[in-house]
């Protein structure tokens, strides 16, 4: 059973649209939730983290958490070609291990 | 402020050999975590060190080991290399243990096992 699941994509959106990335997790005791962006050939960089149910906004990015449904999402508003990358969802579980999903490849078309 | 540095950046080894990878964390960061990234399995947690102690370990065989020094620098070692060990090995440092919100990744060491 996979612990953190993401749609592998690729997800393709036009420039200026909203990109919606989803993630589910299996460990109900998970405490913290993270979204990383990884450009091809580069290492992951943290873009958002969320601990509590609800929404958290940072610029064009909004993270949403629903612990009852064990669901995390990332919305990217006004998507830009520079947002084209693989987005990794990561969950800090009850065992204090950070588990990553396999990532969703996002392509923003000009 | 300098970021996380990893050496070497690229490495080619043959099956059965062993390898040691090095990671220098961001100044002031005391926790170092290691990850393996492959196209098939994605990014997988290897282990985390804090104050020279291994705090957590992922599901990897005992051939994978590591250590942390008093200056927070860390090394990981893989013995008896197998073809499947070919991967990008990423080190990440954070201010404190389990403080993933402060975690920054290094550029990685790409290991090819022939």
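Before moving on, here are some points about what is shown:
- Only listed residue being touching a helix residue (DSSP H, G or I) at 6+ places or on another chain (Cβ under 8 Å) and closer than 28 Å to residue B:58 by Cβ, chosen from A:88, A:46, A:65, A:105: A:46
- Among residues of the stretch A:69-92, those that are in a strand (DSSP E or B) and either more than 28 Å from residue B:46 (Cα to Cα) or within 13 Å of the chain's Cα centre (by Cα) (or both), counted: 13
- Subset tally (residues that are more than 10 Å from every other protein chain (Cβ to nearest Cβ), in contact with a strand residue (DSSP E or B) (Cβ under 7 Å, 6 or more places away or on another chain) and in a loop (DSSP other than H, G, I, E, B)) for the stretch A:32-50: 1
- Against the numbered list (1) within 16 Å of residue A:5 (Cβ to Cβ); (2) surrounded by fewer than 19 Cβ atoms within 10 Å (Cβ to Cβ), residue A:86 comes up short only at (2).
- The stretch A:93-110 - residue that is farther than 16 Å from residue B:105 by Cα and in a strand (DSSP E or B) and, of those, farthest from the other protein chains (Cβ to nearest Cβ): A:109
- Residues (within 14 Å of chain B (Cβ to nearest Cβ), within 22 Å of residue B:41 (Cβ to Cβ) and at pLDDT below 95) located in the stretch A:7-31: A:7, A:8, A:9, A:27, A:30
- Matching residues, the stretch B:24-58, being in a loop (DSSP other than H, G, I, E, B) and either away from every other protein chain (no Cβ under 14 Å) or in contact (Cβ under 8 Å) with a residue 12 or more places away in the chain (or both): B:25, B:26, B:27, B:28, B:29, B:30, B:51, B:52, B:58
- Residues of the stretch A:35-60 satisfying the condition of being under 10 Å from the mean Cα position of the chain (by Cα) and closer than 24 Å to residue A:12 by Cβ: A:35, A:36, A:37, A:47, A:48
- Qualifying residue in the stretch A:57-68 (condition: within 13 Å of another protein chain (Cβ to nearest Cβ), under 27 Å from residue B:108 (Cβ atoms) and part of a strand (DSSP E or B)): yes
The values are calculated or read from the model by the stated rules, or taken from the named source; none is laboratory data. Here the structure is a predicted model, which means the values were calculated and not measured. Because the Cβ atoms are built from the backbone with ideal geometry, glycine has one as well, and the counts that use them run over all protein chains shown.
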